[in-house]
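Student: Handing you a structure now.
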Amino acid sequence: MKIITTTPEELDELIKKSVRQAFSELNICSAAPTKPLTVDQAALYLNVPKPTLYLLTSQRSIPFRKVGRRLTFLTSELDNWLQENRRKTRSEIENQCDNTSKIIKRW
């Protein structure tokens, strides 16, 4: 048995990520599959230039599929990717620091 120590914020993020993944798997199994987007459509959907989208795929930073020589994207996977790559706001970071300092003071 291994004991891992985390902050409440880290635990919160782990739980949220697990729940998102579980819902994502349920949506894939139960919902009708979404029509794949082309590179042009995905770039419009994400509001990024096509070269940026190609860069993200070459870095394997974004979920995609390759059908023959064509790249395709699923909106559900793009939505999840956007959510997972969300940057915290300054106030969220400050709150996290405040909460961490309170925990440290208790020790």
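The values are calculated or read from the model by the stated rules, or taken from the named source; none is laboratory data. This one's a predicted model, so the numbers in the text were calculated from it and none came from an experiment. Positions of Cβ are generated from backbone atoms using ideal geometry, with glycine treated the same way; all protein chains shown enter the neighbour counts.
Student: Just give me the residues in region 68-96 being surrounded by fewer than 15 Cβ atoms within 10 Å (Cβ to Cβ), among the aliphatic types (A, V, I, L, M) and touching a residue at least 24 places away in the same chain (Cβ under 8 Å), in sequence order.
Tutor: Correct list: Leu82 only.
Student: If you don't mind, another one. May I ask you to verify whether Asp79 is farther than 22 Å from Phe23 by Cβ, among the acidic types (Asp, Glu) and modelled with pLDDT under 95?
Tutor: Numbers: farther than 22 Å from Phe23 by Cβ: no; among the acidic types (Asp, Glu): yes; modelled with pLDDT under 95: yes.
Judged against the criteria, Asp79 is not a match.
Student: Return yes or no: is Glu9 under 20 Å from the mean Cα position of the chain (by Cα), surrounded by 14 or more Cβ atoms within 10 Å (Cβ to Cβ), at negative phi and not in a loop (DSSP other than H, G, I, E, B)? So that I can check it myself, show each step before the final result.
Tutor: Details: under 20 Å from the mean Cα position of the chain (by Cα): yes; surrounded by 14 or more Cβ atoms within 10 Å (Cβ to Cβ): yes; at negative phi: yes; not in a loop (DSSP other than H, G, I, E, B): yes.
For Glu9, the condition - under 20 Å from the mean Cα position of the chain (by Cα), surrounded by 14 or more Cβ atoms within 10 Å (Cβ to Cβ), at negative phi and not in a loop (DSSP other than H, G, I, E, B) - is met.
Student: Please list, ordered by residue number, the helices (runs of 4 or more DSSP H) wholly in region 30-93 having 2 or more residues that are farther than 23 Å from Glu13 by Cα and touching a strand residue (DSSP E or B) at 6+ places or on another chain (Cβ under 9 Å).
Tutor: On the way: elements: 39-46, 50-58, 75-84.
Qualifying helices (runs of 4 or more DSSP H): 39-46, 50-58.
Student: Across region 16-74, which residue is modelled with the lowest pLDDT among those that are basic (Lys, Arg) and within 18 Å of the chain's Cα centre (by Cα)? Let's see the steps before the verdict.
Tutor: Restricting attention to region 16-74, the residues satisfying the condition of being basic (Lys, Arg) are 16-17, 20, 35, 50, 60, 65-66, 69-70.
Add one more test, that the residue is within 18 Å of the chain's Cα centre (by Cα), and what stays is 16-17, 20, 60, 65.
Working: Lys16: 84, Lys17: 85, Arg20: 81, Arg60: 94, Arg65: 95.
Only one residue fits best here, namely Arg20.
Student: Further question: In region 40-48, is there at least one residue being among the small types (Gly, Ala, Ser) and in contact (Cβ under 8 Å) with a residue 12 or more places away in the chain? Walk me through how you get there before you give the answer.
Tutor: Just the residues of region 40-48 that are among the small types (Gly, Ala, Ser), to begin with: 42-43.
Cutting the leftovers down to in contact (Cβ under 8 Å) with a residue 12 or more places away in the chain gives us 42.
Scanning region 40-48, I find at least one residue that is among the small types (Gly, Ala, Ser) and in contact (Cβ under 8 Å) with a residue 12 or more places away in the chain, so the answer is yes.
Student: So the check is Cβ under 8 Å with 6+ separation or different chains; which pairs have a first residue in region 17-34 that's surrounded by 10 or more Cβ atoms within 10 Å (Cβ to Cβ) and a second one that's among the hydroxyl-bearing types (Ser, Thr, Tyr) and at pLDDT 75 or above?
Tutor: Ser24/Ser76; Asn27/Ser76; Ile28/Ser76; Thr34/Thr75; Thr34/Ser76
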